[in-house]
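Working notes, beginning with the structure itself.
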Amino acid sequence: MRNIYILLLSSILSITTLQAQQPKKPTASEVYAQLEKLNFLGTALYIAAHPDDENTRLISYLANDVKANTTYLSLTRGDGGQNLVGPEIRELLGVIRTQELLAARRTDGGQQVFTRANDFGYSKHPDETLAIWNKKEVLSDVVRAIRKIKPDVIVNRFDHRSPGSTHGHHTSSAMLSVEAFDMVNDPTQYPETAKEFGTWKPKRLLFNTSWWFYGSKEKFEKADKSKLVTVETGNYYPTVGLSNGEIASLSRSMHKSQGFGSTGSRGTENEYLEFLKGDFPKNNDLFDGINTTWTRIEGGAPIGAILTEVQNNFDFKNPAASVPQLAKAYSLLQNLPEGYWKDIKLKEITQLISDCSGLYLEAVANEQSTTPKGNVTVTIEAINRSNAAISLNSVTSPIIQFPSQLRATDLTNNKSVTLESTEGTFTATNYSAPYWLNEKGTLGMYKVADASLIGLPEQTYQFPVSFNLTVEGVEIPMVRNIVYKFNDPVKGEVFRPFQVLPEATASIPEKVLIFATNDAKQIPVKVRAGRANITGTVTLQHPKGWIVSPAQHTFSLARMGEEQTVFFTVTPPKDQSEGELKPLVHLGDAFYNKELVTIDYDHIPFQSVLLPSEAKIVRINIQKKGEHIGYINGAGDAIPESLKQIGYKVTTIDPSEITEENLKQFDAIVVGIRAYNTVPELAFTQNTFNTYVENGGTLLLQYNTNRRLVTDAIAPYPLELSRDRVTDEFSEVKLLEPKHAVLNTPNKITQKDFEGWVQERGLYFPNEWDKAFTPILGMHDKDYPQTKGSLLVANYGKGHYIYTGLSFFRELPAGVPGAYRLFANLLSLGK
């Protein structure tokens with residue numbers, strides 16, 4: 001019984017199968033590929049900084065060609081990037097990109113882990129990165145990952161010897177990997193993980209280089225390659241009908257929020273790896289000198305002999321013929337001493353037995369969510385779609401009970417067995433939400449109280465159900481997570497995570513509320529029921545000096561998921577002030593202060609995120625001119641909503657409707673972030689924009705990257721974008737043209753207006769421009785020269801053209817008063 005418990009626990013902690021993903025039903029060819037992998041006992045770890053940093057070609061090669069157990073360690077979840085699929089940024093973007101990485105690994109055959117490092121945005125130097133991240137803690141997570149995964153081969157994506165030449169996160173990931181390589185075999189270094197996972201000595205450390213790191217292909221051709229290992233990664237896999245390059249591109253294309261759709265490649269393709277530490281491999285074999293057969297573990301030889309025979313005699317028309325031998329190998333493996341490879345291979349053999357027999361096991365809840373210890377029914381289905389001898393002995397779970405009268409039931413070929421849980425026995429109490437968001441962290445680090453969760457992409461198997469089976473005379477438990485599913489008229493069968501959520505949540509729809517005058521505002525608060533028939537009150541906590549009435553509202557909700565909106569009148573103080581409004585829901589003696597945020601995109605599973613329920617309130621002394629603003633969406637931001645907060649009427653302009661006549665109605669037109677990277681129609685609109693400005697309009701372009709522009713003509717005068725940026729949000733800003741209208745009308749802009757900025761000053765500033773442009777601001781990061789391209793203004797005809805790389809898309813949603821005042825001046829120019 002103890003062995004069964006250990007297997008269940010190891011499955012819960014190590015399996016990274018995505019919760020509530022539609023169960024995979026592999027073909028015989030895919031099953032055979034799993035069998036090949038079962039007979040390879042070698043591990044590789046790829047290390048970089050962000051989602052999308054990984055080389056999917058090499059990960060796919062290691063997982064599918066070499067058959068190694070391959071894991072990508074991304075130090076961050078990509079929280080500081082931009083989002084091309086929706087408005088989510090920061091923590092919510094990190095949730096999306098975590099799921100995109102998991103989708104990528106399901107595609108290329110790898111696995112995924114993280115550290116607690118928070119992607120706080122672009123960093124120019126690893127000194128800054130490691131100071132904000134807390135180097136000691138992130139290094140401990142890297143050491144933990146290596147000791148837990150026990151890689152024979154570690155591959156860095158970036159060069160540890162080039163601080164300051166690229167993103168500080170990138171270089172830091174390599175530096176930490178190099179440092180950890182020499183620590184993981186020392187039990188005095190981070191002794192807690194040495195005790196938990198044991199020490200480890202990787203065979204070698206390499207850097208996944210390319211001609212890009214040498215500056216050009218010509219320089220790379222001439223470079224000394226005596227320390228380079230070259231591997232062919234362009235192979236074709238007949239069992240899946242794809243080349244390695246095609247698999248890699250499918251994996252890369254999972255990073256949809258970053259716009260990294262990729263076209264597959266075919267034909268020969270080399271990857272180059274520079275040897276850094278350990279033993280240099282011979283014959284370009286990354287696993288040279290490493291025993292990757294079953295003889296690697298004590299008592300493994302007989303298991304290897306059985307599995308080699310299974311592989312050699314695999315019947316593609318009848319995979320179930322392999323089940324008796326697989327069950328025998330499972331039994332031998334289960335009797336071996338506990339160890340890393342035992343846990344890994346038990347999981348793989350269990351999955352193979354399930355797949356070879358066409359075994360389908362499912363635990364489905366009757367509701368998508370419930371409350372702690374809520375009333376939920378779970379129905380299990382078990383069906384053996386083969387002639388393998390399989391019986392279901394019992395169904396057990398630590399969080400719900402099933403009838404105990406079930407005795408050994410033969411699962412005969414294609415006969416389904418179903419069973420319902422015992423009513424009123426659900427005991428789970430922990431909320432379902434991304435675990436790294438449960439507690440407030442710092443700018444650079446997430447806080448994770450439960451050390452066993454550190455590194456996991458998500459909390460897998462939160463609601464485990466164990467199907468205790470006998471397969472060909474061998475007892476084998478198989479674990480499934482409780483899921484929820486329904487039939488969609490268009491999509492058909494849809495799976496979603498089953499979740500435990502609070503009895504009540506509340507939210508203020510607008511996350512930043514700007515008061516530009518002394519007038520009071522009606523602020524809506526939405527209360528949502530997590531179960532049926534709840535009645536309570538909601539209050540609104542507020543900062544000193546603000547007035548809120550009434551003191552509380554009562555509400556009553558009859559159905560789970562039902563919402564009721566109540567309104568509070570909020571009156572600001574006369575002077576500039578800022579703080580937070582926090583709804584608090586009272587149900588009897590209990591209170592609830594969380595907001596439920598859902599993320600629903602077709603390319604990732606449905607996500608529920610619990611965040612502190614709050615909204616920032618800001619009283620700004622602000623003036624503006626003009627009223628009607630046209631907005632052209634780019635890669636997604638919340639600028640239109642922010643402008644409405646200060647009294648502008650904002651109309652979204654469809655790119656197909658950009659005509660001279662249509663633009664005349666607007667006092668100013670704002671173009672969203674990265675619009676010239678993502679909106680193809682803008683390749684043909686510049687003459688129309690120029691005419692609008694020439695006739696007296698104001699056109700404001702926000703930042704674009706200098707790659708993949710739909711047109712080079714983004715201004716009426718020559719303008720060259722660069723990668724210049726200022727990442728320190730506290731850096732000093734110099735007013736280069738203190739008498740210019742944008743710094744004086746209608747709001748007087750001073751140094752104080754650049755206080756309280758978040759994440760950065762700006763990015764992708766122009767570095768060359770026509771003399772018609774006037775640079776307004778100068779700024780720089782520490783030890784870097786001043787840049788003047790953050791805000792450029794040019795007169796054109798009767799109007800004004802403005803280009804800015806200032807990160808208004810971050811500052812306005814964050815409620816930064818000075819950013820609002822400056823943006824209002826830009827829109828008021830010429831009025």
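The values are calculated or read from the model by the stated rules, or taken from the named source; none is laboratory data. Quantities reported herein were computed from a predicted structural model and do not represent experimental measurements. Glycine gets a Cβ as well: all are built from the backbone with ideal geometry, and neighbour counts include every protein chain shown.
Things worth noting here:
- Positions within segment 494-524 being of a type in the set (Phe, Trp, Tyr) and more than 24 Å from the chain's Cα centre (by Cα), in sequence order: Phe515
- Residues satisfying the stated conditions in segment 99-141, i.e. hydroxyl-bearing (Ser, Thr, Tyr), part of a helix (DSSP H, G or I) and crowded, with 23+ Cβ neighbours inside 10 Å: Thr129
- The test for being of a type in the set (Gly, Ala, Ser) and modelled with pLDDT of 95 or more holds for Ala68.
- Conditions (1) crowded, with 17+ Cβ neighbours inside 10 Å; (2) in the same structural domain as Val693 (by TED's automatic domain parsing); (3) in contact (Cβ under 8 Å) with a residue 60 or more places away in the chain; (4) part of a loop (DSSP other than H, G, I, E, B): number failed by Ser642: (4)
- Candidates Gly241, Gly215, Gly259, Gly245 - the one that is free of Cβ contacts under 8 Å to residues at least 24 places away in the same chain and under 26 Å from Asn677 (Cα atoms): Gly215
- Test: residue in segment 386-398 that is part of a strand (DSSP E or B), under 36 Å from the mean Cα position of the chain (by Cα) and assigned by TED's automatic domain parsing to the domain that holds Met478: yes
- Residues within segment 710-723 that are outside any loop (DSSP other than H, G, I, E, B) and surrounded by fewer than 21 Cβ atoms within 10 Å (Cβ to Cβ), tallied: 3
- Residues of segment 475-493 classified as within 29 Å of the chain's Cα centre (by Cα), of a type outside the set (Lys, Arg) and surrounded by fewer than 17 Cβ atoms within 10 Å (Cβ to Cβ), total: 6
- Screening Leu392 on (1) in contact with an Asp or Glu (Cβ under 6 Å, 6 or more places away or on another chain); (2) under 30 Å from Asn318 (Cα atoms); (3) of a type outside the set (Val, Ile, Thr) shows it passes everything except condition (1).
- Scanning segment 364-385 for residues that are outside any loop (DSSP other than H, G, I, E, B) and either over 18 Å from Ala327 (Cβ atoms) or not assigned by TED's automatic domain parsing to the domain that holds Thr470 (or both) turns up Val364, Ala365, Ser369, Thr370, Val378, Thr379, Ile380, Glu381, Ile383.
- Close pairs from segment 502-522: first free of Cβ contacts under 8 Å to residues at least 60 places away in the same chain, partner surrounded by fewer than 16 Cβ atoms within 10 Å (Cβ to Cβ) and aliphatic (A, V, I, L, M), Cβ under 9 Å, at least 6 apart: Ala520/Ile547
- Residue in segment 654-671 that is of a type in the set (Ser, Thr, Tyr) and crowded, with 19+ Cβ neighbours inside 10 Å present: no
- The lone exception for Asp783 - which of (1) at negative phi; (2) under 36 Å from the mean Cα position of the chain (by Cα); (3) surrounded by fewer than 17 Cβ atoms within 10 Å (Cβ to Cβ) it fails: (1)
- Candidate set: segment 207-255, residues that are aromatic (Phe, Trp, Tyr) and in a helix (DSSP H, G or I); chosen: the one surrounded by the fewest Cβ atoms within 10 Å (Cβ to Cβ): Trp212
- The one condition from (1) touching a residue at least 24 places away in the same chain (Cβ under 8 Å); (2) within 30 Å of Asn487 (Cβ to Cβ) that Pro403 does not meet is (1).
- Of all residues making up segment 438-474, the number that are of a type in the set (Asp, Glu), crowded, with 16+ Cβ neighbours inside 10 Å and closer than 30 Å to Thr422 by Cβ: 1
- Test: Ser322 is among the small types (Gly, Ala, Ser), modelled with pLDDT under 95, in a helix (DSSP H, G or I) and buried (at least 19 other Cβ atoms within 10 Å of the Cβ): no
- Scanning segment 275-312 for residues that are in a strand (DSSP E or B) and either among the β-branched types (Val, Ile, Thr) or surrounded by 17 or more Cβ atoms within 10 Å (Cβ to Cβ) (or both) yields Leu276, Gly278.
- Annotation note: Cβ proximity below 7 Å between a residue of segment 305-325 that is without any contact (Cβ under 8 Å) to a residue 24 or more places away in the chain and a residue that is in a helix (DSSP H, G or I) and small (Gly, Ala, Ser) (sequence gap 6+ or interchain) occurs for Asp315/Ala321.
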